[in-house]
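Below is one structure, written out as structure tokens; comments come after it.
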Amino acid sequence: MKMKTIYQRLKPKYKTQLRAASNRFSTAKRLKYTLMSKCSWQSLSLDNISEFFIYTDQYSFDLTGQDIMFGEKFLINNK
């Protein structure tokens with residue numbers, strides 16, 4: 001079974017926000033392609049995670065350490 005990419009596992013709300021941002025900003029488009037190429041949240045750099053928060057209107061004071069480290073708040077649980 002092939003693993004899904006981070007982008008495929010994103011909740012629809014975040015996909016929509018990222019898609020809209022990628023139409024306006026080249027860095028958002030690059031981030032989208034990065035998410036399409038990686039299967040694990042832990043393989044993202046801090047820059048990637050920071051950009052994701054910017055383009056999906058997330059604020060660090062609303063997030064837990066686990067949200068940042070594992071991204072479970074943003075991903076569909078496939079269990």
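Counting only helices (runs of 4 or more DSSP H) wholly contained in the chain, the ones carrying 1 or more residues that are in contact with a strand residue (DSSP E or B) (Cβ under 6 Å, 6 or more places away or on another chain) occupy 6-9. When region 26-38 is filtered for residues that are loosely packed, with under 14 Cβ neighbours inside 10 Å and among the hydrophobic types (A, V, I, L, M, F, W, C), only MET36 remains. Under 6 Å between Cβ atoms, at least 6 apart or on separate chains: pull out the pairs that start in region 1-25 with a residue that is touching a residue at least 40 places away in the same chain (Cβ under 8 Å) and crowded, with 17+ Cβ neighbours inside 10 Å and end on any residue that is part of a loop (DSSP other than H, G, I, E, B) and among the basic types (Lys, Arg). Close Cβ pairs (under 6 Å, with a partner that is part of a loop (DSSP other than H, G, I, E, B) and among the basic types (Lys, Arg)) amount to ILE6/LYS38. Can you pull out the residues in region 58-78 that are loosely packed, with under 10 Cβ neighbours inside 10 Å and either within 15 Å of GLN8 (Cα to Cα) or within 12 Å of the chain's Cα centre (by Cα) (or both)? Passing the criteria: ASN77, ASN78.
Applying the selection to region 11-55, what residues are more than 15 Å from ILE76 (Cβ to Cβ) and hydroxyl-bearing (Ser, Thr, Tyr)? Scanning region 11-55 gives SER22, SER26, THR27, TYR33, THR34, SER37, SER43, SER45, SER50, TYR55.
Within region 26-47, the residues that satisfy the criterion of being touching a Leu at 6+ places or on another chain (Cβ under 9 Å) and within 18 Å of LYS4 (Cα to Cα) are LEU31, LYS32, THR34, LEU35, LYS38, TRP41, LEU44.
For (1) among the basic types (Lys, Arg); (2) at pLDDT 95 or above, each residue gets a yes or a no:
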site: LEU10; (1), (2): no, yes
site: GLN17; (1), (2): no, yes
site: LYS32; (1), (2): yes, yes
site: GLY65; (1), (2): no, no
site: GLU72; (1), (2): no, no
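The values are calculated or read from the model by the stated rules, or taken from the named source; none is laboratory data. Predicted, not measured: the structure shown is a model, and the values here were computed from it. For neighbour counting, all protein chains shown are included, and Cβ atoms are generated from backbone atoms with ideal geometry for every residue, glycine included.
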